[in-house]
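A quick write-up on the structure given underneath.
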Amino acid sequence: MTTIEPSAAATARPSLRDARERFLSGGQLPLGVPEEVVAAWRRARFFGVPHDLEAPATDPVRPVESALLVAARPVLDRIVPALGTGRSLLVLTDERLRVLWTAGSVPGLGACPVLSEREVGNNSAALALRARRRAEVHGPEHFLDRWQDVSAVSVPVLAPENGQVLGTLTVASRPCAARPPHPQAALAEAAAAAVETELRARAGRAERVLLDAYLRAARGKDRAVAALDGRNRLISGAAQGLLTPEVLGALERTAVAARHADLPGSGEVAGEVGPSAGTERVVPDASAVLPDDALASGESVELPESAGCTARVTPVRLDGGVIGVVAVLEPREDPAPSVSGSPLPPVALAGSSVPWRHAVGRAVELARTREPLLLTGERGTGKSALARELLGPGDARVADAARDAGLDRVLSAWQADRPLLLRHAERLAQPGVAALNSLLDTHPDAPLLVTYTPGAPAGPCLQRLLDKLSARSVTLPPLRERTEDIRELLSALAPRPAPGLPPLTWTLDALRALERYPWPGNVTELAHVVRALAEHRRASGPVRRSELPDTVRDGPAARPLSPMEHAERAAILEALRRHGGNKARAAAALGIGRATLYRKLRGYRG
């Protein structure tokens, strides 16, 4: 490694270099070391990153030509002259921190094909990806020995349509002041903004090209055509009756796979950070839409056995890359029913709405192979219930991270060929996540079914686990997006009545209130309401609206409420419940006038 004389930046915080040496030797750290830096060093040690690493621990597969790289190349090529010879290095990574492109050089900064913390420890690109904002790491804040004389600033590159992080842009240089902003922070932010602008412009072009391809393929009366790119769908009227959720899911996966496939003739992707990188060949800027004879060259796509049609798919290209596909559908001799009448998947769970059937059908299809499967969704959407249905009767082992966050007892006794249901993966402690990652590294086809409720940002170790399972994941819809299932769920959730008693029924007014309520707790919350009514109501006959809980009976507020208004509304509804709906008594109990209570209730409705 090239030695650089300490600058003012390196001596501005003399304790940090000393603190790192003490950390590596197991000594006591001095006071004043930033906690976030110590936490980053600890993560590197947990991941097993050697501080004297000279070459990457793994040799990752070079990423294929991507939309981010195609859009960023012309922008970055214009910026390269501003770097200066031997003074700065410009690095572009994808969302997995694999290096896509580099230019420039910094003495002492060698090759590195991936910048994930798991591989190289603390660095600005990993920090920017996790925080979704500009991040800087200076000198001894790095974990690796060879980066002790390097300062770097990184900025995330966001997708224009949804804000998803597509990658990072980093400028690395010789040591500078170990406090923001980095001298080239403005350059990094301007470059990232220019790349996002280019992505936005290309996204508009891609949508127009996909639309043009769809219109050309849909010429002719009653032709069943669908154009998809993984985000947008263009479906002809004739195709609507053939596209069951299972068929649509198969075509969506085909479109996504086509967009990520390695294309012949595309430029080689750089995979190293170093002075010799940055010489890749540029993809020619030539738009190519669906040619006139494209339908003849389409390839058949394998659809589910229950599909009532066949599909021939042709990729749609733009700037040398695939942006989507056009599918031409043909009904079979014995066509399958339309979406509205398609049979339920072989899972005994209530619900016949299209969103629910689509999610369950996808889960059933994935569960046919003994590989890991991830079920995600809001709390109470039925992830565990669906998981048990998918596993079926047998000797599946069940682990709950809410009770055993480290999975110590379960994983030590688990046989990799025996199905395992892991609930509440979001509550896993770091040792449990690490053990599970190691297990999947050695047994990537383990019959593992995981449920996960998104919420707090996932740590790097848990995010790695979720990334592994993302290709085989299903998101269950919340109850508010399938309210047509509520009446069916009421029958399924009601406990069996005692002998001689009628089953629980509902008035039309009560049903309407149940269907208008947003159910933040989803099916679990609905189940609690149904069981409470079945066990504690004294009246006979159908359940009336007045018997429902206050929040369900009165429905959501007609306008967004502030936190204070939410609290006031909940207190008023509780007082009304305690006093049998008598507003005068409720107002007296709350210490407010009856006119004030009326005014507040009107305000919540308006």
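The values are calculated or read from the model by the stated rules, or taken from the named source; none is laboratory data. Please read these numbers as outputs of a predicted model, since none were measured by experiment. Cβ sites come from the backbone with ideal geometry, for glycine too, and all protein chains shown count toward neighbours. These accessible areas exclude ligands, DNA and RNA; they are computed on the full protein's heavy atoms, side chains included. Shrake-Rupley method; radii C 1.70, N 1.55, O 1.52, S 1.80 Å.
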What's the extension gain from A498 to S300 if we count 0.36 nm per residue and subtract their Cα-Cα distance? 65.7 nm
At a 10 angstrom cut-off on C-beta neighbours, averaged per residue, how do the peptides 91-97, 432-438, 492-498 rank from highest to lowest? 91-97, 432-438, 492-498
With a 10 Å radius around each residue's Cβ, average the other Cβ atoms per peptide and rank 119-130, 31-42, highest first. 119-130, 31-42
Between L29 and E515, how many nm apart are label points set 7 Å from Cα along the C-beta direction? 5.8 nm
Inverse mean reciprocal Cα-Cα distance (Kirkwood Rh) of segment 100-148, Å: 11.7 Å
Just subtract the alpha-carbon distance of S15 and D222 from 0.36 nm times their residue separation and send over the number in nm, one decimal. 67.1 nm
Taking amide hydrogens as modeled 1.01 Å from N in the peptide plane, which residues meet the under 5 Å criterion relative to W506, leaving out close sequence neighbours? V543
For R544 and A588, calculate 0.36 nm times their separation in residues minus their Cα-Cα distance, and state this gained length in nm to one decimal. 13.1 nm
Loop-located GluC sites (Glu not before Pro) in segment 123-232 whose Cβ has at most 15 other Cβ within 10 Å (DSSP): E161
Could you report the accessible area of H528 in Å², rounded to 10, computed with a 1.4 Å probe on the protein chains as they sit in the structure? 110 Å²
Sort segment 126-230 into rounded, prolate or oblate with this rule: let a ≥ b ≥ c be the square roots of the eigenvalues of the Cα gyration tensor; rounded if a/c is under 1.5, and if a/c is not under 1.5, prolate when a/b is larger than b/c, oblate otherwise. prolate
Cβ neighbours within 10 Å, averaged per peptide: list 20-26, 446-452 in order, most packed at the top. 446-452, 20-26
At 7 Å along the Cα-to-beta-carbon direction for both T197 and N232, put a label point, then send me their distance in nm to one decimal. 2.2 nm
So if we plug the beta-carbon distance of R78 and R132 into 1/(1 + (r/R0)^6) with R0 = 22 Å, what FRET efficiency do we get, rounded to 0.05? 0.30
Carbon + sulfur, % of accessible area of segment 432-540 - ligands and nucleic acids excluded, 1.4 Å: 55 percent
